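Asks: Take a look at this one; I'll ask things after.
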Amino acid sequence: MQSHSNQPSRLALTAIVAGVMTVFAAAANAGECPADKKVADGQGQKMVTHGAKGVVDKVRSATDLGKEAPALQGRLFRLRQLDIEPGGIVPWHSHGERPAQIYVVKGTIVEYASNCAVPIVHNTGDISPERRGTSHWWQNNTSEPVVLISVDIFDDRANQDKQVM
């Protein structure tokens, strides 16, 4: 038979585990479109014609995947840093042929995505996967600079601007 003195410890442990699980669940969903706001591509935030404003986009490294396994000719595996000034805009662009992962190093930025009915707020530490079906633009609506790291697979065959968002 168990003593009742263990019951408060078990309750405390259960509360701690529940709290940790809640934090991790929130972190997993941080910076993503809320499940009840996901919509078909093109039914969410609308395309805008803003050009880049207040954004410094530096390709920090690029690897020619045609020379590496799996030999993807004309593709670059890039790591970029985007420094976005207050009021800065990353213009509308698509990830139909360019998967990416964005990591928010510093600051808060808002994403306006074609497949989300509401703007998505990203904070320091958030990761945003950018997959096929993602068309969007971003804006720094704060008074502080934002720093993003972008890792993507870029199609270099079309001789596009390598600083394409």
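The values are calculated or read from the model by the stated rules, or taken from the named source; none is laboratory data. Computed from a predicted model, the values in this text were never measured in an experiment. Cβ sites come from the backbone with ideal geometry, for glycine too, and all protein chains shown count toward neighbours. Just so you know, the surface numbers come from the protein's heavy atoms only, side chains and all, with ligands and any DNA or RNA stripped out. Shrake-Rupley method; radii C 1.70, N 1.55, O 1.52, S 1.80 Å.
Asks: Mind checking which residues of region 112-158 are more than 17 Å from LYS37 (Cβ to Cβ), assigned to a loop (DSSP other than H, G, I, E, B) and either hydrophobic (A, V, I, L, M, F, W, C) or at pLDDT 95 or above (or both)?
Replies: Once the filter is applied, which keeps residues that are more than 17 Å from LYS37 (Cβ to Cβ), assigned to a loop (DSSP other than H, G, I, E, B) and either hydrophobic (A, V, I, L, M, F, W, C) or at pLDDT 95 or above (or both), region 112-158 yields THR124, ASN140, ASN141, THR142, SER143, GLU144, PRO145, ALA158.
Asks: Among the residues of region 52-64, how many are of a type in the set (Ser, Thr, Tyr) and not in a strand (DSSP E or B)?
Replies: Of the residues in region 52-64, 0 are of a type in the set (Ser, Thr, Tyr) and not in a strand (DSSP E or B).
Asks: Can you list residue pairs whose Cβ atoms sit under 8 Å apart, with the first residue in region 36-58 being within 23 Å of GLN81 (Cα to Cα) and the second being open to solvent by less than 70 Å² (accessible area, probe 1.4 Å) and basic (Lys, Arg)? Count only pairs 6 or more apart in sequence or on different chains.
Replies: ASP57/ARG80; LYS58/ARG80
Asks: Just give me the residues in region 102-127 being β-branched (Val, Ile, Thr), under 19 Å from GLN43 (Cα atoms) and open to solvent by 50 Å² or more (accessible area, probe 1.4 Å), in sequence order.
Replies: VAL121
Asks: Being touching a Lys or Arg at 6+ places or on another chain (Cβ under 8 Å) and without any contact (Cβ under 8 Å) to a residue 60 or more places away in the chain is the requirement here; does GLY107 meet it? Reasoning before the result, please.
Replies: On the way: touching a Lys or Arg at 6+ places or on another chain (Cβ under 8 Å): no; without any contact (Cβ under 8 Å) to a residue 60 or more places away in the chain: yes.
No: the conditions fail for GLY107.
Asks: For region 68-101, what are the residues that are assigned to a strand (DSSP E or B), open to solvent by 60 Å² or more (accessible area, probe 1.4 Å) and closer than 16 Å to ARG132 by Cβ?
Replies: Correct list: SER94, GLN101.
Asks: Looking at ARG78, ARG60, ARG10, which one is at pLDDT below 85 and of a type outside the set (S, T, N, Q)?
Replies: ARG10 is the lone residue from the list that is at pLDDT below 85 and of a type outside the set (S, T, N, Q).
Asks: Given the criteria on the phi < 0 side of the Ramachandran plot and either hydrophobic (A, V, I, L, M, F, W, C) or surrounded by 16 or more Cβ atoms within 10 Å (Cβ to Cβ) (or both), does GLU130 qualify?
Replies: For GLU130, the condition - on the phi < 0 side of the Ramachandran plot and either hydrophobic (A, V, I, L, M, F, W, C) or surrounded by 16 or more Cβ atoms within 10 Å (Cβ to Cβ) (or both) - is met.
Asks: Collect the residues in region 52-62 that are exposed (fewer than 14 other Cβ atoms within 10 Å of the Cβ) and either under 16 Å from GLU111 (Cβ atoms) or not charged (D, E, K, R) (or both), keeping them in residue-number order.
Replies: SER61
Asks: Of the residues that make up region 61-76, is at least one closer than 18 Å to ALA158 by Cβ and within 19 Å of the chain's Cα centre (by Cα)?
Replies: Checked region 61-76: no residue is closer than 18 Å to ALA158 by Cβ and within 19 Å of the chain's Cα centre (by Cα).
Matching residues to (1) open to solvent by 60 Å² or more (accessible area, probe 1.4 Å); (2) part of a loop (DSSP other than H, G, I, E, B):
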{"site": "GLU32", "(1), (2)": "yes, yes"}
{"site": "ASP36", "(1), (2)": "yes, no"}
{"site": "HIS50", "(1), (2)": "yes, yes"}
{"site": "GLY66", "(1), (2)": "no, yes"}
